[in-house]
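Remarks on the structure that follows.
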Amino acid sequence: MLFRVSHVTDYHYTAPVAEAYLELRLKPLNRRDQAIKRHTLTLEPTVTPSDYEDYFGNQVSVISLPFRHSRLVIESEAVVSTTRLPLPEQSLELSVQESRQILSSTLPFSFDYLQPTEMVKIGRDATQWAKRYLRGNAIVRQGLEELNRNIHQTFEYEAGSTKFSTDVGFVWKARKGVCQDFAHVMLSVLRTAGLPARYVCGYIETSPPPAAGNGSRTLVGSVATHAWVEVLVPGQTWVALDPTNNCWCGEQHIAVSFGRDATDAAPVRGTFKGAGSQSMKVKVRVRRLKTSPPATGVA
């Protein structure tokens, strides 16, 4: 599939700010299942970003505005080709215990994705769910699908019910949240079970054309960016699941950034100096294009 993605972030300040500094993770990555055909970043006021690759392999643009301004508009537009890769069936048919043993050799690479963070804490609920769905003799595929499905069924999707900084403990108790919260819950269970897992921030197509066919369905969670989880399985392969929509991720998902949690993968992060406050509006649009050449991304 071929998509045009438009992501606009509009900051308004109640009083002119003296300066602002931000990190942007807005450029989708070239991978085996997606290829970036074009990407543009437009800033108002106009400044020149500095680019680098962060610790997790994300493409980051750093912008500095060392002057007074009352508004900041960040517009990212990309054309992305996606394809669905077959799942690594042999790896998914192993038991959780076998997978843990094999993956122990990857610790220098996977260590960060096994650790709790401030946003993904390990607690009683995560431990109970890990024992229920990802016990040692459970088959990996079955365990992942059951965990994904039960998060989808147990937690209510309610826009505005949580904030970016909401603790995962609150989500476990309230049994509601948004895609970020569902991803954090899933990460807490996976890491408790000893399976390396990372947070993914990206985009999804929510309104496939009526005549699209090929199994496309309407997905939940496109108000801004979307979040899901990738799990490392033997063979050094990441498999992606979307607990918000109870599905394996496919052609309708476009990955942009990764990390241990939402903080690492945040699309826009920064600070400003000023006496007033700020408000932010975000508008995301993912539109399928008619022509869909095969993806040519790199691993």
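Need one number: the % of Cα-Cα pairs in the chain sitting beyond the 24 Å mark.
Values: 23679 of 44551 pairs.
The proportion of pairs with Cα distances above 24 Å equals 53 percent.
Residue exposure proxy: Ser207, Ser91, Ser188, ordered by other Cβ atoms within 10 angstrom of their Cβ from fewest to most, comes out as Ser207, Ser91, Ser188. Partner aspartates and glutamates whose Cα lies under 15 Å from the Cα of Lys176, excluding those fewer than 8 positions away in the same chain, are identified as Asp125, Glu156, Glu158, Asp167. Histogrammed with a bin width of 5 Å, the alpha carbon distances of the range 224-286 distribute as 3, 12, 20, 21, 17, 10, 7, 5, 4, 1, 0 percent, first bin at zero.
Cross-link partners of Lys173 among lysines, defined as those whose alpha carbon lies under 26 angstrom from its own and excluding same-chain residues fewer than eight positions apart: Lys121, Lys131, Lys163.
Dipole orientation for the chain: of the candidates Ser50, Pro208, Val62, Pro208 has the Cα lying most toward the positive pole (charges on Cβ; Lys, Arg +1; Asp, Glu -1). Residues whose amide H comes within less than 5 Å of that of Ser257, counting only those at least five positions distant or on another chain, are Cys201 (H built at 1.01 Å from N in the peptide plane). Per the Kirkwood formula applied to alpha carbons, the range 89-264 shows a radius of gyration over Rh ratio, Rg over Rh, of 0.95. Counting only Cβ charges, +1 for Lys and Arg and -1 for Asp and Glu, the dipole size of the range 1-122 around its Cα centre is about 280 debye. Magnitude of the charge dipole for the chain, about its Cα centre and with charges confined to Cβ atoms of Lys, Arg (+1) and Asp, Glu (-1), is about 440 debye.
So how strong a dipole does the range 89-264 carry about its Cα centre when Lys and Arg Cβ are +1 and Asp and Glu Cβ are -1, to the nearest 20 debye?
Magnitude of the dipole: close to 540 debye.
With loop defined by DSSP as not H, G, I, E or B, and exposure as at most 15 other Cβ atoms within 10 Å, which is the longest segment of the chain clear of exposed GluC sites (Glu not before Pro)? Before the final figure, lay out the partial values.
On the way: sites that count: Glu93, Glu118, Glu158.
Between the exposed loop sites, the longest stretch runs 159-299.
Could you name the lysines in cross-link range of Lys37, using Cα to Cα under 21 Å and dropping any fewer than eight places away on the same chain? Cα-Cα hits under 21 Å: Lys27, Lys290.
Spherically averaged projected area of the convex hull of Cα atoms, the range 5-157: 13.0 nm².
Readers should treat all values here as calculations from the given coordinates under stated rules, not as data from a laboratory. Model, not experiment: these values are computed from the prediction. Cβ coordinates were reconstructed from backbone atoms using ideal geometry, including for glycine residues, and neighbour counts include every protein chain displayed.
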